[in-house]
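A.B. asks: Once you've had a glance at the structure underneath, I'll fire off some questions.
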Amino acid sequence: MHLLSPRRWRAVAAGAAALALVLTGCSSEESFSYTPPEQVDQALPEETAAQLQAAVEHAMANTGATGAIAAVWVPWSGTWVSGLGTQSVEDQTAVTTDMSFRVADVTRLMTCDVLYALADDGVVELDDPVTEHASGVAQMDGVTLLDLCNGTSGAGSSEASVKSAWLNTPERVWAPLELASFGLGKTPAEPGTTYHDSDAGYLLLGLALERASGMSASDLIDRYISNPLDLENTSLPGPSAAEPGDDPLNGNYLKRTEGGYDCTAPVDITKLSSSTGFTDSGAVSTIQDLGRFVQASARQALREEGAEPDQFGAPLPRSATSASWYQATGGAYQVGPLIGQHGWTPGYVTGAYSDPETGFTVAVVLNNSTAGSGVAAYLAWELAAIASKAPAADGQTAPEFGLPFTAEQYHEKISALSICATPPAAE
């Protein structure tokens, strides 16, 4: 299936854009088209598809997930889009590829894309101080909006402090600054020097963009992400607890027991307030929309051609111990040639990556969040490594494209983090 071309709404002048956004929330229409790389309109070879399915089933078995949705687009070879498993141990409804889910930290990339769009339109400057747009954050003195996007603000993470509250009171509505404060209150790193995984930073960025534009974060994502790319099933929902769409993939987690987890009794957490993630991890989507978004975002197709600065032009090491090919900037991770994001939110782990040169794209979600964000990365990368070996279709030529890791490496890493010895089964 092809990732189709979008149309985009944009402001025609920076000053007019700022005024219109603040006063009316409207901007003028300018034609903008995204032309993705040509995609061979056929299924990937059976052998490749079988390997991809086996990889997803292996991850499901090791993480307690009863269901998954995965997709791979290899422009020179074909596509594979599949729903696997069931909604839960008790609900044996088959998972389908059009079910919606929470995209977890892929939301960060959407939020940074909005930042760059507002900067391109003159509504904000990338180097605006955070304190210019968000009050009550004195510890952010000297930190810019770009620092929040790049993960170089020095802020800590709120996750460890609030995770149990998310799971035990999923209907609770959090104020963005309240939620961010748990991370902002931690001893900060020196800003502007190193990448630090900070959910608090992306929560604060969303709040700052709301105040700068006079629009809600939901409306900003609609205007600058969903509408221009025709993503009908992608949004940042309102804060009231709800399922992630009319036909959702059920989200689950496992309760800890003596000696581990009870993988036969996942707890349903499909209904959740998006405020637990807001502009860090609160968006919802479908697998087709997710693939379409990450492909366009990796290519910076939502910006005018040649726009500066390059959103992904100055990556930093993911950590002091990470491989040299694993870097971060612009709300994304760079994994060799791939650009994307991965993470967890209550009920789901999600990963999506794309190569901006070829359009090669992978996207995957598992419906159990207990194993955490690592499995989302490892599975996305394993699928990418498998699919990268797919042979060129008749009449096509495979480009010079390779990854700095193997499928076997990440298959083994998923096995090593296993929290379930065998797949959960219905009684």
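Residues checked against (1) under 20 Å from Val124 (Cα atoms); (2) in contact with a Pro (Cβ under 8 Å, 6 or more places away or on another chain):
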| residue | (1), (2) |
| --- | --- |
| Glu171 | no, no |
| Ser181 | no, no |
| Leu184 | no, no |
| Glu190 | no, no |
| Thr193 | no, no |
| Ser198 | no, no |
| Tyr202 | yes, no |
| Leu207 | yes, yes |
| Ser213 | yes, no |
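A.B. asks: Test of understanding: among Ser369, Ser354, Ser415, which residue is touching a residue at least 12 places away in the same chain (Cβ under 8 Å) and surrounded by fewer than 18 Cβ atoms within 10 Å (Cβ to Cβ)?
C.D. replies: Going through Ser369, Ser354, Ser415 in turn, just one is touching a residue at least 12 places away in the same chain (Cβ under 8 Å) and surrounded by fewer than 18 Cβ atoms within 10 Å (Cβ to Cβ): Ser415.
A.B. asks: Would you tally the residues in segment 336-368 being among the small types (Gly, Ala, Ser) and in a loop (DSSP other than H, G, I, E, B)?
C.D. replies: Selection size over segment 336-368: 3.
A.B. asks: How about segment 238-249: which of its residues are touching a strand residue (DSSP E or B) at 6+ places or on another chain (Cβ under 6 Å), at negative phi and not hydrophobic (A, V, I, L, M, F, W, C)?
C.D. replies: Pro244, Pro248
A.B. asks: Also: Across segment 209-240, which residue is nearest to Arg102 (Cα to Cα) among those that are in contact (Cβ under 8 Å) with a residue 24 or more places away in the chain and acidic (Asp, Glu)?
C.D. replies: Filtering first and then ranking leaves Glu232.
A.B. asks: Only one of Gln87, Gln42, Gln53 is under 30 Å from Pro399 (Cβ atoms) and under 23 Å from the mean Cα position of the chain (by Cα); which?
C.D. replies: Of the residues listed, the single one that is under 30 Å from Pro399 (Cβ atoms) and under 23 Å from the mean Cα position of the chain (by Cα) is Gln53.
A.B. asks: I'd like to check something: does segment 132-139 contain any residue that is surrounded by fewer than 18 Cβ atoms within 10 Å (Cβ to Cβ), without any contact (Cβ under 8 Å) to a residue 60 or more places away in the chain and among the aliphatic types (A, V, I, L, M)?
C.D. replies: Yes - at least one qualifying residue is present in segment 132-139.
Bear in mind these aren't lab numbers, they're just calculated from the coordinates by the rules spelled out. Remember, it's a predicted structure, so these values are computed and weren't measured experimentally. Don't worry about glycine lacking a Cβ; one is built from the backbone with ideal geometry, like all the others, and counts go over all protein chains shown.
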